[in-house]
1. When you look at residue B:118, is it assigned by the TED database to the domain that holds residue B:387 and more than 20 Å from the chain's Cα centre (by Cα), yes or no?
2. Mind checking which residues of segment A:58-73 are within 12 Å of residue A:121 (Cα to Cα) and out of contact with any helix residue (DSSP H, G or I) (no Cβ under 6 Å at 6 or more places or on another chain)?
3. Is one or more of the residues making up segment B:382-398 free of Cβ contacts under 8 Å to residues at least 40 places away in the same chain and touching a strand residue (DSSP E or B) at 6+ places or on another chain (Cβ under 6 Å)?
4. Applying the selection to segment A:97-115, what residues are assigned to a helix (DSSP H, G or I), more than 14 Å from chain B (Cβ to nearest Cβ) and touching a residue at least 12 places away in the same chain (Cβ under 8 Å)?
5. Would you tally the residues in segment B:169-203 being assigned to a helix (DSSP H, G or I) and at positive phi?
6. Are any of the residues in segment A:242-251 outside the structural domain of residue A:418 (by TED's automatic domain parsing), over 22 Å from residue A:440 (Cβ atoms) and either modelled with pLDDT of 85 or more or touching a strand residue (DSSP E or B) at 6+ places or on another chain (Cβ under 8 Å) (or both)?
7. Between B:161, B:181, B:174, B:222, which is outside the structural domain of residue B:253 (by the TED database), over 24 Å from residue B:440 (Cα atoms), surrounded by fewer than 21 Cβ atoms within 10 Å (Cβ to Cβ) and in contact with a strand residue (DSSP E or B) (Cβ under 7 Å, 6 or more places away or on another chain)?
8. Within segment A:76-86, identify whether any single residue is part of a loop (DSSP other than H, G, I, E, B), at pLDDT 75 or above and either touching a helix residue (DSSP H, G or I) at 6+ places or on another chain (Cβ under 7 Å) or surrounded by 19 or more Cβ atoms within 10 Å (Cβ to Cβ) (or both), and answer yes or no.
């Protein structure tokens, strides 16, 4: 299969072959077809699909049941995977899947995540299809699952009834479709004697069928990912290092939520800051803020992280300058401050240099930053020692049970879940997930103000299809490479 | 990986034999003695090397282009020698290499393991290199091990390593139930049952489909057969919930279990005669009123010894039947008791892992001197473990007929091993050969097709 991305030479990933399952909207993605794809589409399609997958992840971590996930997927798919021309959806589906395969084949953790999310996506889409469409799909994919005829049903009806009754379930009628499946495909059903076996075939009711087909999907994708990884490391990464590789590598780290570049609820005044810091700042910003108040100084990393956050909550440029100046001039002259620090504050607001309005850092960016000696930025859940983190949490009057729960999440490297747990303990209400410090702030304001109409830019799952502005990272070395996925 | 039965070879041989100069030493006084010298003779003249090689080659020893000459040499064997010396990851190139090794080392036990992706004796070349090159099993028969000691809580005639004709029917039941299920439920055909030499039976399922099963699938099959759970402390061993039994269990009950329970086990094991015994049965009844009713009744009465078990069973059944209307808890109680006392009890670990080693057929058990002969499942009621050929017996037969006929009859044909080896060849190897041929041809064809249409690496 070959991908021709505009502006570049053909990148060969194998032989072109039949497009599997384009008629049916479902696909095992066994092969891809020859398509011409622009570089923008290459990236954009993948990002849209990633939004769907991250939406699924969010649904799962919230403990949504299978049916709810099914509905969620339909929603997400409609929202993100639209194309101006309906016929192009299949192409977008395929291209986005294969691009993400490249992005998520590179480490064990990435592969596991991708496998889990794509399987959940496939399951939901399969279950949404009509029985006829499901049957056609299985036929096209040459899956050995045959619906049994009514004559065969009559011949085994009694036995099927016995199985059902042995499980305290209603006896199947002629309306239930049963599928004949090799017993190897359904070990869980065989194990628990939940299925009738006859000469090596299991008679599986229709509602169990999705599990089996999904099992096939998983197995194939798992193999494909291993293959892709080998291919990536041996040839593609190097061949494409000036073109596709940077895009692919950035994809797995991309934050896809609201960017908080414009404050959502109007501006905050200088006088409100202390109060807001005490009540609504996430731990990372609290720490920076109170450190600044205490030491009257912050190093570069801290100034960036806190400064941009304050901009995001609605601090105006003039107020920001006054704020920083008032702190710093405890230890230095006003002239020195204006000369050495004022410039970069104005720069962050897009008033200097190339006039880019920088966006506040997301949790992902903060977690992966590397605070050094004398630094106070970073994510406390990640970067503080256990004892320090514990004492900071206890200072906030959290119960020891909460602190233990938080520490447990930290131990399992679920830093954002730890932050959410803290949020919930402080505010006494559930959080919608924490992917961005400004999101924490907004959720906190909402909770403290009685949870009124949230007219903020973030949707309830922190994801939204805003056309991203020219997303520029401030001049700070960005860590690239194989990094784990944010969140649980 | 673990070796089944774990029983190490001990030198229980009686007096050292005078072997020099005498190719056929006289048998020891007792019949059931094991002797290393006899074992040597057994390996020299009776062990069916060619047949074993034919079995384990699954057709790859032929001339067909699809044959993989390395197949047999990728099979792991292990030997347990005298003094518990254990040799693992052995492999042989062909039948004669295998024969030479066995005759030379004279192992007290031979185990058969999996067919690996490379020759086991060369495995270290593959475990140090990272990435794809990993030493792993490629195929392996589906195996089961039924051991009488797993039934100790329900047999009173013997315990531990002993068996007798009173408890052996439990093995007969196990063979019948599992064999039927393997054929009717799972569709397997090439099933070899083997006497383990002392107190149990082994089952080798050799269909191509069975050999390709993953560990997870093997586990699921073992779990499919698991009915008796629970430990000593749990009075109830079997929980059959639901208003009906799964068809597999129902078939076992109506075709085998009920009959064997009422006609053999109940009587042989005297399940209801003594207080100790009937106490155990009553512990399985989850209804105190029924329990105390029966206890009181049986305390006082003393019917004639012959009938006590069946009479009491009738009484209990009647009471339980009446109790059904009282609630769900007694609904399946009769079946639960029958299942607890008869349904096969497998060693799960043996079946679950491809790399588990299991004793080879036609070995000789060092504790009993008996040969591990095949058992015909269609005739397993007639199998008598007490009449299985022993080493001394075979030596005797060899001695006797040596001078008598002078014909061109093979050694094994002149001994009581004849019927076992005959059965192995005709009822097992021949049908297997036909399947092997078909399998080789179809996989060869598939391979050719795949090579013809192979794309150069898909993404």
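1. For residue B:118, the condition - assigned by the TED database to the domain that holds residue B:387 and more than 20 Å from the chain's Cα centre (by Cα) - is met.
2. The answer is A:60, A:66, A:71.
3. Checking segment B:382-398: at least one residue is free of Cβ contacts under 8 Å to residues at least 40 places away in the same chain and touching a strand residue (DSSP E or B) at 6+ places or on another chain (Cβ under 6 Å).
4. Hits for segment A:97-115 are A:109, A:110, A:111, A:113, A:114, A:115.
5. Going through segment B:169-203 one residue at a time, the tally reaches 0.
6. Yes, segment A:242-251 contains at least one residue that is outside the structural domain of residue A:418 (by TED's automatic domain parsing), over 22 Å from residue A:440 (Cβ atoms) and either modelled with pLDDT of 85 or more or touching a strand residue (DSSP E or B) at 6+ places or on another chain (Cβ under 8 Å) (or both).
7. B:222
8. Yes.
The values are calculated or read from the model by the stated rules, or taken from the named source; none is laboratory data. All of these numbers come straight from a predicted model, not from anything done at the bench. Virtual Cβ from ideal backbone geometry, glycine too; neighbours counted across all protein chains shown.
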